[in-house]
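Q: Here it is: the structure, laid out below.
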Amino acid sequence: PLVADSDFLTDQFTQEVRLTSRYATPLNFTVGAFYQRAQQETRVRLYGNPVMGFPLFSQRNDHKIDIKSLSLFGQLLYKVTPDLELAGGVRWTDETRIHRQWNYLASNGPIGRSVLLDPKVASSNLSPEATITYTPSDDLTLFAAYKTGFKSGSFNGTIFAAPTTPASFGDEKVRGGEVGLKSRLANGQLNFNAAAYYYRYTGLQVGAGEIRGATIINRTLNAASANVYGFDIDAAWAPRSVPGL
């Protein structure tokens with residue numbers, strides 16, 4: 001009864017620069033910056049079957065989202081001993097997104113550029129991290145890490161947004177960590193790696209289906225939270241007694 005047809009176009013410019021030191025001293029660093037300027041455009045057409053009671057056109061609209069993003073980051077690495085290294089870093093991100101919508105269906109309101117309830121979203125975030133690495137030998141590395149992450153909010157650019165309907169969704173954040181090891185055993189014939197991790201997401205961005213009148217709307221929204229945890233293990237064995245295996 002319903003047929004969705006859409007075009008998606010994107011144009012973007014990104015640039016990242018980094019400066020990394022390699023001093024003979026115990027302390028080294030990495031600093032850098034990231035810049036992005038982009039535009040996303042989505043042209044949406046939703047057709048219905050009049051025989052089944054649906055309107056011939058439910059949606060005919062265009063969405064344009066302008067994106068500006070700037071990020072600065074840095075990390076310090078300190079060799080406490082030849083076998084023990086501490087690393088700490090932080091990333092600052094500032095992002096702005098502007099949403100514009102054009103309507104071409106009279107039943108949805110005035111033809112042309114639409115008035116939006118929330119045409120702009122802006123985010124600023126600090127994401128720190130820390131890692132401790134212990135390498136007692138060339139064949140064994142133990143590590144523990146604390147990580148944080150961030151994904152900025154944006155807009156639902158595939159559905160028509162009325163002047164009183166929010167079209168945006170908020171930021172997604174995550175924090176957690178992992179512990180593990182990387183090793184070479186049996187005189188280098190066996191590589192064995194293992195890690196356990198736990199992360200907690202807040203404002204998780206998820207896709208959802210919503211019934212609005214005679215149409216089904218797929219949109220992104222923020223869930224409350226989610227916990228993700230697990231264990232990874234991998235091994236590779238290359239016995240010298242069987243060349244090629």
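Q: If eta is 1.567 mPa s and T is 4 °C, what Stokes-Einstein diffusion coefficient results for the range 69-222, Kirkwood Rh from Cα pairs, in µm²/s?
A: D = 66 µm²/s.
Q: Something else about it: What's the tally of Lys pairs in the chain whose alpha-carbon atoms lie under 23 angstrom apart, where the two lysines are 8 or more places apart or on different chains?
A: Final tally of qualifying lysine pairs is 12.
Q: How much of the accessible area of the chain, in percent, comes from carbon and sulfur atoms when a 1.4 Å probe is used?
A: Accessible surface attributable to carbon and sulfur in the chain totals 58 percent.
Q: Can you order the peptides 34-45, 100-111, 11-22 by their average number of other Cβ atoms within 10 Å per residue, highest first?
A: Highest-to-lowest ranking by the protection proxy: 34-45, 100-111, 11-22.
Q: Please work out how much length the chain gains when fully extended from Thr220 to Asp7, using 0.36 nm per residue of separation minus the C-alpha to C-alpha distance, in nm with one decimal.
A: 74.9 nm
Q: For the range 147-245, report the accessible area per residue in Å² (1.4 Å probe, heavy atoms, rounded to an integer).
A: So the range 147-245 comes to 60 Å² accessible per residue, rounded to a whole number.
Q: Right, here's the next one. Lys and Arg at +1, Asp and Glu at -1: add these up for the other residues within a Cβ distance under 14 Å of Thr96 and post the number.
A: 0
The values are calculated or read from the model by the stated rules, or taken from the named source; none is laboratory data. Note that this is a predicted model, so its numbers are computed, not measured. In this analysis, Cβ positions are derived from the backbone assuming ideal geometry, glycine residues included, and neighbour counts consider all displayed protein chains. Surface accessibility is based on the protein's heavy atoms, side chains included, excluding ligands, DNA and RNA. Shrake-Rupley method; radii C 1.70, N 1.55, O 1.52, S 1.80 Å.
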